[in-house]
Amino acid sequence: MKLSGSEIILKCLEREGVDTVFGIPGGSVIPLFDAIYDNKKIKLFLTRHEQGAAHMADGYARASGKTGVCIATSGPGATNLVTGLATALLDSIPMVAVTGQVASHLVGNDAFQEADTTGITRPVTKQNYLVTDVGDISKIFAQAFYLARSGRPGPVLIDVPSDIQKAECEYDAKPDASIRGYKPSMEGNPRQIKTALEALLASKKLLIYAGGGIISSGASKELAAFARKLNAPVTLTLMSIGGFPGTDGLFIGMPGMHGTQAANFAFQNCDMIFAVGARFDDRVTGKVSAFAPHAKIVHVDIDPTSISKNVTADIPVVGDCKSVLKQMLVLLSAKKKMPDYAPWLKQVTDVAKKKPLCYKDDEILRPQYVIDRFYQITKGQAMVVTEVGQHQMWAEQFYKFDKPRRFITSGGLGTMGYGLPGAIGAKRACPEMEVIDIAGDGSTQMNIQELATAKVYGIKVIVAILNNSYLGMVRQWQELFYKKRYSGVLLGSQSSKDKKYWPDFKLVGEAYGLKGMRIERKKDVDAAIKEALASKETVVMDFQVAKEENVFPIVPGGAAIDQIIDMS
Amino acid sequence: MKHTIAAMVENKPGVLAKISGLFSARAFNIMSLTVGETEVHDVSRMTIVVKGDDKILEQVVKHLNKLPDVIKVIDFKNEEFIERDLMLVKVNASKASRSEIIEIASIFRANILDVSADTITLELTGRETKLEGVIRLLRPYGIKEMVRAGVVAMSRGRK
């Protein structure tokens with residue numbers, strides 16, 4: 001039986017186990033939306049902006065480990081996806097975006113709502129396709145999902161002209177998805193793994209530095225077993241928070257610009273770094289020439305381009321983190337004698353004890369306190385999604401995560417506006433979880449329209465806005481490095497006399513038919529959090545926090561990671 | 001340092017853009033890039049000459065390999081290989097200088113493709129150094145127009 005291109009697309013999505021799509025229709029995807037109308041297996045979430053759809057698909061993917069799917073129309077619909085695709089690419093998130101395109105005979109014609117979507121999205125996708133024949137749809141979707149979730153995961157876009165959505169052909173249920181130019185190395189070279197392990201065991205001061213690869217390969221258990229077996233300290237990048245228990249005695253916090261004193265000390269004093277699924281991002285290394293001066297580096301990553309990119313690896317292992325760690329654990333179990341890292345571990349944990357993360361716990365309502373209370377009251381069991389800025393760093397610092405896929409944040413691209421749609425996507429993936437969007441007043445406004453999506457579909461998230469009336473992270477840099485010249489960061493009233501701010505987030509919440517709250521005093525925080533947790537629908541919480549609070553510690557941009565400014 | 005790399009790629013629209021985008025996004029400088037068909041109908045072969053140190057070369061090769069549309073990459077760094085460039089060059093040639101130019105052409109085994117009252121157009125194939133040598137010799141006569149096809153390369157022997 002012949003099916004239309006649109007019906008085949010839905011067959012392909014069903015085949016891949018997709019039960020949720022986020023998107024907005026438009027002229028060039030009406031045939032596809034028409035097919036969705038009758039579909040019982042795939043639930044469509046109509047978002048209020050295509051960027052919201054992309055971030056929801058991304059949040060859904062991060063929370064569930066499955067591939068997120070979003071749909072947009074041609075032209076502006078597709079260009080609105082770009083930030084969401086770039087966000088997913090930099091954080092290696094599996095996603096498939098389907099865009100409508102103007103009819104084939106109009107492509108290249110400057111037609112209404114035409115954009116060169118594959119051209120525009122080429123640098124922000126792992127791969128993209130322009131479908132030119134309805135008979136190719138099944139194979140292209142099979143390849144797209146395979147590419148999105150395998151190797152180093154990432155977003156893939158498929159651009160489908162409207163006439164191809166309507167054209168008919170036989171559906172090929174089992175197309176060949178193999179791609180001759182794409183064979184990610186999963187296992188890793190056994191000899192290289194053995195060499196790497198021997199080098200690790202020969203070290204005296206080993207630091208385990210794990211990144212997002214731990215989350216995407218599902219290697220938390222293996223990482224924990226490995227670290228405990230060796231009794232060596234573990235530092236996690238922003239992307240892997242929760243990939244090793246945040247309350248474990250071996251965990252020394254995140255490294256880098258807003259990392260802990262202990263983690264940065266460990267980098268600068270260790271003699272061996274075991275980097276696994278991390279990529280030595282500039283926010284981690286600081287000034288590269290002064291980074292980890294005494295360390296040899298064993299680097300495990302599935303993406304060869306991540307190895308020896310910023311920092312040269314002494315022993316590279318190209319492979320999947322989980323698979324490589326498993327092989328190392330087998331080799332370890334045959335070892336009779338383990339190195340003794342206890343003195344080194346003590347050295348590091350002493351720094352952690354002497355210079356812990358802290359904030360001023362006085363009568364003022366401080367943003368860190370709010371996060372701390374969320375952590376205590378939810379007993380660390382919530383899923384936290386963040387926007388981008390100071391609140392993001394505080395969320396990482398003061399909410400501790402013991403499980404993977406519980407801390408969801410735009411790390412690589414640093415996309416303001418990610419949090420709210422990300423949280424909605426995450427909640428759809430994990431409806432049983434309490435999802436808290438730790439937000440700033442600046443970021444939240446970048447996709448605040450998605451409150452309507454939360455309302456309409458009855459998706460409950462807690463939007464906890466730490467409102468300081470500033471674009472706080474930039475203000476902090478201006479305070480510390482630009483002589484307090486606050487240029488373009490004040491979100492409240494420009495007049496020093498009236499202390500007004502806009503919008504009134506409590507009213508915004510209410511305007512969307514949701515619960516709105518404003519919290520101005522420290523003593524009201526607990527009751528407000530409990531009320532929000534008890535609510536059945538989305539709550540917008542406006543915490544009026546200290547305006548000029550800074551994220552500490554901070555390593556100035558371009559400085560070595562031991563040049564730390566901390567709370568005085 | 002100049003490096004020559006060959007990449008076997010899917011012969012379909014958009015692939016050239018993906019490869020050139022890879023270079024521009026990372027500010028790698030391409031000195032020459034050629035694309036053409038191969039013995040396999042759906043595979044094209046690109047020959048890319050890049051400038052940079054070994055570290056840049058290593059990243060270029062890795063990034064090329066990472067693209068799903070790239071089937072195979074050959075790095076000629078540690079190989080014996082043959083490379084050729086093709087050039088057309090139109091030179092001013094008066095009655096007086098014409099025979100000198102024809103003599104240069106015959107020494108370098110260039111073909112004379114066109115002769116007019118005041119120009120000669122030569123076709124020359126060879127390694128870059130040879131082409132550059134001829135350009136130096138022809139420059140005093142006045143080069144009116146010149147075009148080079150870019151380098152193509154292949155390993156020696158059975159490989």
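Worth a mention:
- Comparison of A:Pro293, A:Pro343, A:Pro304 shows that the only residue that is of a type outside the set (A, V, I, L, M, F, W, C) and within 14 Å of another protein chain (Cβ to nearest Cβ) is A:Pro304.
- Residues in the stretch A:17-47 that are touching a strand residue (DSSP E or B) at 6+ places or on another chain (Cβ under 8 Å) and more than 18 Å from A:Val160 (Cα to Cα): A:Val18, A:Asp19, A:Thr20, A:Ile42, A:Lys43, A:Leu44, A:Phe45, A:Leu46, A:Thr47.
- A:Phe291 being buried (at least 19 other Cβ atoms within 10 Å of the Cβ) and in the same structural domain as A:Ile462 (by TED's automatic domain parsing): no
- Within the stretch A:1-40, if we keep just the residues that are under 20 Å from A:Met56 (Cα atoms) and either small (Gly, Ala, Ser) or assigned by TED's automatic domain parsing to the domain that holds A:Ile459 (or both), the residue that is nearest to the chain's Cα centre (by Cα) turns out to be A:Gly23.
- If the condition is being more than 13 Å from A:Ile9 (Cα to Cα) and not basic (Lys, Arg), then the stretch A:31-54 contributes A:Tyr37, A:Asp38, A:Leu44, A:Phe45, A:Leu46, A:Thr47, A:His49, A:Glu50, A:Gln51, A:Gly52, A:Ala53, A:Ala54.
- The lone exception for A:Leu491 - which of (1) of a type in the set (A, V, I, L, M); (2) closer than 21 Å to A:Gly417 by Cα; (3) under 24 Å from the mean Cα position of the chain (by Cα) it fails: (3)
- For B:Leu131: the one exception among (1) in a helix (DSSP H, G or I); (2) exposed (fewer than 14 other Cβ atoms within 10 Å of the Cβ); (3) touching an Asp or Glu at 6+ places or on another chain (Cβ under 8 Å): (2)
- The residues on offer are A:Gln381, A:Gln376, and the sole one that is outside the structural domain of A:Leu238 (by TED's automatic domain parsing) and part of a loop (DSSP other than H, G, I, E, B) is A:Gln381.
- The conditions of being outside the structural domain of A:Leu223 (by TED's automatic domain parsing) and without any contact (Cβ under 8 Å) to a residue 40 or more places away in the chain are met by A:Glu432.
- Qualifying residue in the stretch A:482-492 (condition: among the aromatic types (Phe, Trp, Tyr), at pLDDT 95 or above and more than 26 Å from A:Phe374 (Cβ to Cβ)): yes
- Here A:Lys335 clears all of (1) away from chain B (no Cβ under 14 Å); (2) modelled with pLDDT of 95 or more except the condition numbered (2).
- A:Val311, sole failed condition from (1) within 14 Å of another protein chain (Cβ to nearest Cβ); (2) over 16 Å from A:Leu207 (Cβ atoms); (3) in contact with a helix residue (DSSP H, G or I) (Cβ under 8 Å, 6 or more places away or on another chain): (2)
- Scan of the stretch A:431-448 for residues that are of a type in the set (Gly, Ala, Ser) and either part of a strand (DSSP E or B) or closer than 28 Å to A:Asp19 by Cβ (or both), ordered by number: A:Ala439, A:Gly440
- Here is the figure for the stretch A:151-194: residues that are among the polar types (S, T, N, Q) and closer than 30 Å to A:Gly412 by Cβ total 4.
- The helices (runs of 4 or more DSSP H) found wholly in the stretch A:117-235 and carrying at least 3 residues that are away from every other protein chain (no Cβ under 14 Å) and modelled with pLDDT of 95 or more occupy A:137-149, A:162-166, A:190-201, A:212-216, A:220-230.
- Out of A:Arg279, A:Arg373, sole residue that is within 14 Å of chain B (Cβ to nearest Cβ) and within 30 Å of A:His391 (Cα to Cα): A:Arg279
- The stretch A:429-448, subset charged (D, E, K, R) and crowded, with 24+ Cβ neighbours inside 10 Å, residue farthest from A:Val539 (Cα to Cα): A:Asp441
The values are calculated or read from the model by the stated rules, or taken from the named source; none is laboratory data. Just so you know, these numbers come straight off a predicted model, no measurement behind them. Methodologically, a virtual Cβ is constructed for each residue, glycine included, from the backbone with ideal geometry; neighbour enumeration extends over all protein chains shown.
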